[in-house]
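Structure first, then comments.
The values are calculated or read from the model by the stated rules, or taken from the named source; none is laboratory data. Every value quoted in this text rests on a predicted model; they were computed, and no experiment measured them. Cβ: placed from backbone, ideal geometry, glycine included. Neighbour counts: every protein chain shown. To get the accessible areas, we keep the full protein, side chains included, count just its heavy atoms, and leave off ligands, DNA and RNA. Shrake-Rupley method; radii C 1.70, N 1.55, O 1.52, S 1.80 Å.
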Amino acid sequence: MTITAHHPKGSRYQIFRECYYIHLAGNHGTGQIPVIDDCCYDFVFFKEASGAFYYGEDSQKDVIRSKVFTIHNVTPPYRIEAAGSLTFFTIKLQPWVNAHFFASLQQSGVVAIVNTDATLLRFYNNVFKADKLSDKFSLATEFMQGKMFELTPAMELVRELCNYIYEKRGKVTVNQLSEHFNKSRQYLGKVFKKEVMYTLKKFIITVRILDLVKFKAKNPDISLTQLSYDYGYFDQAHFINDFKKVCGVAPLQFFNNLPEFLLRHP
């Protein structure tokens, strides 16, 4: 498996969080990649352009027929499968620009977007022609440079909120955010949901659980009980419930089968 990530620098970072290239060779049957929703929408460029996306506890299946798609409004756990090899390049947006690019989405699941913007297919063709990873990432940087725009005051506020939550590793409450930013809970929640397309509470939980997952992956000897306390959970039922909201399964089941993707994509 090849997993390589790139994090942009400079002004592009205000809309472009990261990009990564994944290739899973097809010499072991069906290629499969787990997906965790981090509340940041993606442009997904799928080389095989044929596969399936599974989501929810009952593994609902959504056939992938598009070269370029995004994933919208589904419940975990998720995975993408393709017969043989699986190769895709993903450009991840900053959460505060989700609505700018994807507010018009109507259907749930895998949403084809290749026909919404001519530059998407052009990028698809170029990125999979490029042999070197550095060239692929340069193409992504150039592509996102062409998407740059000035953030609105609402986006700027949400950017400050998101960055504060990231800085606190999700160990923060809506009340604390209200006090820190000197704005009501209702106002922050309304503005956040409009721009990010997720609730503020959902985002906080997601950031907290994903940070916890990454910490556990790097520190395998720490117990789940200690880990949950360290992240502010003094009720195991509450911890398990939040974990399942983000990862789709209970913590013990997840860490007993820790996806290679997470081990190699910190």
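Figures for the structure shown
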{"item": "Positions within the stretch 169-205 being more than 16 Å from Arg159 (Cα to Cα) and either among the hydroxyl-bearing types (Ser, Thr, Tyr) or touching a Gly at 6+ places or on another chain (Cβ under 8 Å) (or both), in sequence order", "result": "Lys171, Thr173, Ser184, Ile205"}
{"item": "All positions within the stretch 114-132 that are outside any helix (DSSP H, G or I) and open to solvent by 60 Å² or more (accessible area, probe 1.4 Å)", "result": "Asn115, Thr116, Asp131, Lys132"}
{"item": "Failed criterion for Phe239 (all others in (1) of a type in the set (A, V, I, L, M, F, W, C); (2) closer than 16 Å to Asp37 by Cβ; (3) buried (at least 19 other Cβ atoms within 10 Å of the Cβ) hold)", "result": "(2)"}
{"item": "Wholly within the stretch 133-213, helices (runs of 4 or more DSSP H) carrying at least 1 residues that are in contact with a His (Cβ under 9 Å, 6 or more places away or on another chain) and open to solvent by 20 Å² or more (accessible area, probe 1.4 Å)", "result": "133-145, 153-167"}
{"item": "The stretch 214-236, residues that are outside any helix (DSSP H, G or I) and touching a helix residue (DSSP H, G or I) at 6+ places or on another chain (Cβ under 7 Å)", "result": "Ile222, Tyr231, Tyr233"}
{"item": "Residue check, Tyr124 under 21 Å from the mean Cα position of the chain (by Cα), under 29 Å from Val213 (Cβ atoms) and of a type in the set (Ser, Thr, Tyr)", "result": "no"}
{"item": "Any hit, the stretch 48-55, residues being acidic (Asp, Glu) and more than 18 Å from the chain's Cα centre (by Cα)", "result": "yes"}
{"item": "Number of positions in the stretch 1-23 that are open to solvent by 50 Å² or more (accessible area, probe 1.4 Å), assigned to a loop (DSSP other than H, G, I, E, B) and in contact (Cβ under 8 Å) with a residue 24 or more places away in the chain", "result": "1"}
{"item": "Where Phe239 falls short, out of the listed (1) in a helix (DSSP H, G or I); (2) aromatic (Phe, Trp, Tyr); (3) closer than 30 Å to His100 by Cβ", "result": "(3)"}
